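The values are calculated or read from the model by the stated rules, or taken from the named source; none is laboratory data. Everything numeric here is computed off the predicted structure, so don't read it as measured data. Every residue, glycine among them, receives a Cβ derived from its backbone with ideal geometry; neighbour counts consider all protein chains shown. Quick note on the areas: whole protein, heavy atoms, side chains included, nothing else; ligands and nucleic acids left out. Shrake-Rupley method; radii C 1.70, N 1.55, O 1.52, S 1.80 Å.
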Amino acid sequence: MRVELARQYQPAEVENKWRAYWEEKGFFQSDPDPRRPAFCIVIPPPNVTGALHLGHAINNTLQDVLVRWKRMQGYNALWVPGTDHAGIATQAVVERLIYQQEGKTRHDLGREELVRRIWAWKDKYEARILGQLRQLGCSCDWRRTRFTLDPICSRAVRHTFFRLFQAGLIYRGKRLVNWDTTLQTAVADDEVFHETVKGHFWTFRYPVVGSDEHIAFSTTRPETMLGDTAVAVHPDDPRYRHLIGRRVRIPLVERDIPIIADAILVDPALGTGAVKVTPAHDPNDYQCALRHGLPMINILNPDGTINAHGGRYAGLDRYEARRRVVEDMAALGLLDRVEDRDIDLAHSDRSKTPIEPYLSDQWFVRMADLAQKAMDAVEQGHIRFYPERYARTYLDWLREKRDWCISRQLWWGHRIPVWYARTEAETLRRRFGQRSDIAWTYDETSDQWLICSLDDSFTAAAEDVPLVQDPDVLDTWFSSALWPHEVFGWPDRTADLGYYYPTSVLVTSRDIITLWVARMVMMGLFNCGQIPFRHVYIHTKILDGFGETMSKSKGNGVDPLDIIEIYGTDALRFTLVHMATETQDARMPVSHVCPHCSHLVPQKQEHLNMRTRRIVCPHCKQPFRPGGPWPEEDPELPTARLASEKFELGRNFANKLWNAARFLLLNLDDYAPVPLDHSTLPVEDRWILSRLTYAIDQTTHLLDTYQLSEAARVLYDFTWSEFCDWYIEMAKARLRDPQSKVLAQNILVAVLEAIVKLLHPLMPFVTESIWQALAQAAPQRGVPKPRSAPESVTIAPWPSFPQSYRDPTIEANIQLMQDLVRSIRSIRNDFRIDDRQSVDIYVRTDNESAQSLEALSSYIGLLAKTAKQSFGPQVPRPRQAATAVHNRFELYVDLADLIDIPAELKRLSKQKLEKEKLLQSVRARLSNPDFVHKAPPDVVTQFRNQEKDLEQQLELLRANIAQLSQM
RNA sequence: GGGCGUUUAGCUCAGUGGCCAGAGCGCUGGUCUUACACACCAGAAGUCGCAGGUUCGAAUCCUGCAACGCCCACCA
């Protein structure tokens, strides 16, 4: 039956069809099956802050490659999809949008309403994200889609918190945190970035009590003076030694504070050698206060204004207070000097406002044991990183074992399941003593009970105990840390958990090795007693054209759907995999595609982050809105898509594969499957099977070691440069001959089928298209014995051939033929011989090579357009010929009247020059006695042979030049 | 300041000790040769960041330097 394909692969026409087909057939659904080995990946759940960009596209493509490959290898492969509620990030995005559109803050809306709005946002973006993943062809089991705030995850979070609480690993403490005055929340160290800003460096003096002396100190934040509780000097500093133990007065608040000695805090060589100590607002001062038992005075309200501790400055914004403090100190004559200074100031990654170190009540998880076990898991080799070097990032971070601040002053997230109660121990025992789902502990600093429960409903049973729930929510990473087991229904011991956990591999990028990977290991071990995954594959990051990481918050993301629309999904996927090399991040310069005329306008830096609202196309002069992650449509201006020429690599390759299939299908009218005996196959078939076997082995090995981009290269080269450029070209002759046709058809189909399978994990859509076309034209196929093909390539077995198919001799002979053909073509090109005109060739070569070439002579004729061919040691040299010398042959192309003597002389001297240069370097090496003695004998022999070859070739070239010069 | 990484053709990147250092794009010349112009054929193009060292032999290993990127820490 004749199946005809379009001249060009049209991805848009088939992608929806195959996606629907796969889902309808349930190929990606997986359920526990003890008879088959499991392969399982849980998706790094994308944040619901916005749509996915190319960074996500590469992450998910790589996962899909692995899942599809393992599925074909016969594993019961499961990929669990889902999304992350992303506490701070999502709340910030929605708050910002509400403020922009309605001018309202979260305090205007109230907790309930804000949370309702965020859920609506989440629904919208979750749908968009899952849609994007489907478009990408991700072979997830969609039935299992989870969200970190859904009931199953919430239950896991609740149980985990409870278990940690019971184990005494969670505690409440006053800690200095990074306070974001805009969002009014603590942010993690990891959520802080540093930026240099212009500031000042003031030097003030405090009067020493009961003396005329003053002590001078410098600061960049004068307002923190209001919270000073000491002045520190170095114990050995002669300038101040006599003052240690005395007191100074803070003039503006009329408070006396001690002068203390602290060798850790103070470097006598810096500044005045004296340091004001503000424990509640500086990390180092805080540590110092702990050492000396100093009081800690918090002078800030959550919104960044000064609180009652600031006396007459209370109510002022901290910057206003700073101005006034400086003014007032100056008025008192206590300001010595002001310098300009660049200050490297911490900023909140979310709100971009400066961070205030701030003493507040927070919840912490004790890291010591958890971190040690997580380190052990990697150090003992239970978890392996690919590439290996990233294990170090992980270990270095865990080694610090810093307690994890898990509370966030937000409304979007898992509420901390702790209630405060002021009551008697006896009351609690009476009420809850019998219940294993409630635990409590006494908190001395706040003089109250902390009650943790697995379920909110316990509050009803406690009518005589006044309970107040903690208003905070948990750090997003708390729920993400449970991801690999919570998706399987933990804490229940589900069949899923038993079968799929530990998962096989985690695929992610290096920037969340600490935030996420380490925490998953800790919590997986704590909750399940087992590591969450065996391998961690850290992959390339996609940078924008300016070298910056793509991120939702930077606004430099490129929507994969833009790329898909222009180039197709397989093009996107293949190109991304091709770029995912081991060491380099990949730069992705992009262009706006003019919505009016499709002209490409390169993206510039000022277009990023939605800063430019309008561009005029230099080609058609019409305006459009630049491409980017806009939250809404623009009613007036059409928005450009973003494109990058890089994806042409993938698009062209998909089309190449498509056309190889198209060619085959045009030649399969009378296809009949036949069993084959490998040993009797002609040389060209054994060659392609040898090369194919090699390609399969390489690909499998590269995928096994997470070298996906190398696998892409191997497949690209084999498909394009060997199968298409040589094997198909040779097959054209065989297909014309009824004698050889059947065999050629069988091998062509078998090799194409194997290629389609190998490429399927990378390019699922085009390969399924070809697979289905082959199903009609050649339902029985394969070597050595044709078999009925499975109904879809998604479930086809991964190809494999016996090692006996490898044949180095045959590969060398084909190589020889290819070299000869290329030499002929080169001469034809140099002499501008018309493509339709045949040439006669004379090839002087040893008997063995002559025999090999004779066997392939019809192909040489076809590929190099030759007529008469002579091979052998004694073939004559035509009178007027162009010459090429090779280490296994001398080629003469008879040019007769076409000969252009000066041109040929030029060619020959060029060859001569190249060979002479090479010979020179070979001789230099051989004349070095150390080389001859110390290098391995086979290397020396190799160079000796090369020297001989070159000498012969040069002799020949000189003779030819001499002869030609006389004509 | 510590760590990791990068520096190879105009661009984007492969290449972990030994045949003339490769690919894609771009460039030059020639082809619409009935699978593919998203293609085919041929070609030009690189003192492999710099300086030392190890080695018979270095893009590849070591040391130092420079530039760039990321992570961590710190900056009264």
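Odds and ends about this structure:
- Just one residue in the set A:Ala654, A:Ala580 is in contact with a strand residue (DSSP E or B) (Cβ under 9 Å, 6 or more places away or on another chain), crowded, with 19+ Cβ neighbours inside 10 Å and among the hydrophobic types (A, V, I, L, M, F, W, C); that residue is A:Ala580.
- Residue check for A:Thr229: open to solvent by less than 40 Å² (accessible area, probe 1.4 Å) and more than 10 Å from RNA strand B (Cβ to nearest atom): yes
- Of A:Arg341, A:Arg366, all but one fail to be within 15 Å of RNA strand B (Cβ to nearest atom) and touching a residue at least 12 places away in the same chain (Cβ under 8 Å); the exception is A:Arg341.
- Some residue of region A:61-77 being over 22 Å from A:Phe653 (Cβ atoms) and in contact with a His (Cβ under 9 Å, 6 or more places away or on another chain): no
- Residue count, region A:629-669 (criterion: away from RNA strand B (no atom under 16 Å from the Cβ), farther than 25 Å from A:Val577 by Cβ and not hydrophobic (A, V, I, L, M, F, W, C)): 8
- Checking A:Lys352, A:Lys373 one by one, the residue that is under 27 Å from A:Leu109 (Cα atoms), under 30 Å from the mean Cα position of the chain (by Cα) and open to solvent by 70 Å² or more (accessible area, probe 1.4 Å) is A:Lys352 and no other.
- Among residues of region A:634-645 that are part of a loop (DSSP other than H, G, I, E, B), those with a Cβ under 8 angstrom from a residue that is of a type in the set (S, T, N, Q), sequence gap 6+ or separate chain, pair up as A:Ser644/A:Ser591.
- Test: residue in region A:255-278 that is in a helix (DSSP H, G or I) and either farther than 14 Å from A:Leu359 by Cα or modelled with pLDDT under 85 (or both): no
- Contact map, region A:705-725: residues that are over 14 Å from A:Thr540 (Cβ atoms) and assigned to a helix (DSSP H, G or I) paired with residues that are within 8 Å of RNA strand B (Cβ to nearest atom) and of a type in the set (D, E, K, R), Cβ distance under 8 Å, separation 6+ or inter-chain. Pairs shown: A:Thr719/A:Lys656; A:Trp720/A:Lys656; A:Cys724/A:Lys656.
- Some residue of region A:777-784 being open to solvent by 20 Å² or more (accessible area, probe 1.4 Å) and in contact with a Ser or Thr (Cβ under 9 Å, 6 or more places away or on another chain): yes
- Of residues in region A:395-413 being within 30 Å of A:Gln707 (Cα to Cα) and open to solvent by 30 Å² or more (accessible area, probe 1.4 Å), the one farthest from RNA strand B (Cβ to nearest atom): A:Arg399
- Subset tally (residues that are touching an Asp or Glu at 6+ places or on another chain (Cβ under 9 Å) and assigned to a loop (DSSP other than H, G, I, E, B)) for region A:577-596: 4
- Residues in region A:376-394 that are part of a helix (DSSP H, G or I) and out of contact with any helix residue (DSSP H, G or I) (no Cβ under 8 Å at 6 or more places or on another chain) were compared, and the one that is surrounded by the fewest Cβ atoms within 10 Å (Cβ to Cβ) is A:Arg392.
- Qualifying residue in region A:293-305 (condition: among the β-branched types (Val, Ile, Thr), assigned to a helix (DSSP H, G or I) and open to solvent by less than 30 Å² (accessible area, probe 1.4 Å)): no
- Scan of region A:733-753 for residues that are within 16 Å of RNA strand B (Cβ to nearest atom) and either of a type outside the set (Lys, Arg) or within 22 Å of A:Gln776 (Cα to Cα) (or both), ordered by number: A:Ala733, A:Leu735, A:Asp737, A:Lys741, A:Ala744, A:Gln745, A:Ile747, A:Leu748, A:Val749, A:Val751, A:Leu752, A:Glu753
- Here A:Gln91 fulfils each of the conditions (1) in contact (Cβ under 8 Å) with a residue 12 or more places away in the chain; (2) surrounded by fewer than 23 Cβ atoms within 10 Å (Cβ to Cβ) apart from (2).
- Within region A:38-64, the set of residues being in contact with a helix residue (DSSP H, G or I) (Cβ under 6 Å, 6 or more places away or on another chain), of a type in the set (Val, Ile, Thr) and at pLDDT 90 or above comprises A:Ile41, A:Val42, A:Ile58, A:Thr61.
- Long-range neighbours under 8 Å by Cβ, at least six apart or interchain, first residue within 11 Å of RNA strand B (Cβ to nearest atom) within region A:3-29, second in a loop (DSSP other than H, G, I, E, B): A:Glu4/A:Leu666; A:Tyr9/A:Gly568; A:Pro11/A:Gly568; A:Ala12/A:Gly568
- Enumeration of residues in region A:767-811 that are among the aliphatic types (A, V, I, L, M) and under 20 Å from A:Asn746 (Cβ atoms): A:Ile770, A:Ala773, A:Leu774, A:Ala775, A:Ala777, A:Ala778, A:Val783, A:Ala789, A:Val793, A:Ala796, A:Ile810
Matching residues to (1) of a type outside the set (Val, Ile, Thr); (2) modelled with pLDDT of 85 or more; (3) in contact with a strand residue (DSSP E or B) (Cβ under 7 Å, 6 or more places away or on another chain):
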residue	(1), (2), (3)
A:Arg322	yes, yes, no
A:Gly333	yes, yes, no
A:Glu356	yes, no, yes
A:Phe364	yes, yes, yes
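- Strands (runs of 3 or more DSSP E) within region A:414-468 that include 3 or more residues surrounded by 17 or more Cβ atoms within 10 Å (Cβ to Cβ) and touching a residue at least 40 places away in the same chain (Cβ under 8 Å): A:418-421, A:448-453
- Residue in region A:233-251 that is farther than 25 Å from A:Ala269 by Cβ, part of a loop (DSSP other than H, G, I, E, B) and within 14 Å of RNA strand B (Cβ to nearest atom) present: no
- Failed condition for A:Glu606, given (1) within 14 Å of RNA strand B (Cβ to nearest atom); (2) among the charged types (D, E, K, R); (3) farther than 27 Å from A:Leu758 by Cα: (1)
- When residues of region A:529-552 are limited to those that are in a loop (DSSP other than H, G, I, E, B) and more than 12 Å from RNA strand B (Cβ to nearest atom), the one surrounded by the fewest Cβ atoms within 10 Å (Cβ to Cβ): A:Gly529
- Any chance A:Leu265 is of a type outside the set (Gly, Ala, Ser), in contact with a Lys or Arg (Cβ under 8 Å, 6 or more places away or on another chain) and open to solvent by less than 40 Å² (accessible area, probe 1.4 Å): no
- Positions within region A:726-749 being of a type outside the set (A, V, I, L, M, F, W, C), part of a helix (DSSP H, G or I) and within 17 Å of A:Ala855 (Cα to Cα), in sequence order: A:Tyr727, A:Glu729, A:Lys732, A:Arg734, A:Gln739, A:Ser740
- Considering the conditions (1) more than 14 Å from A:Ala744 (Cα to Cα); (2) open to solvent by less than 40 Å² (accessible area, probe 1.4 Å), A:Glu684 is excluded by exactly one of them, (1).
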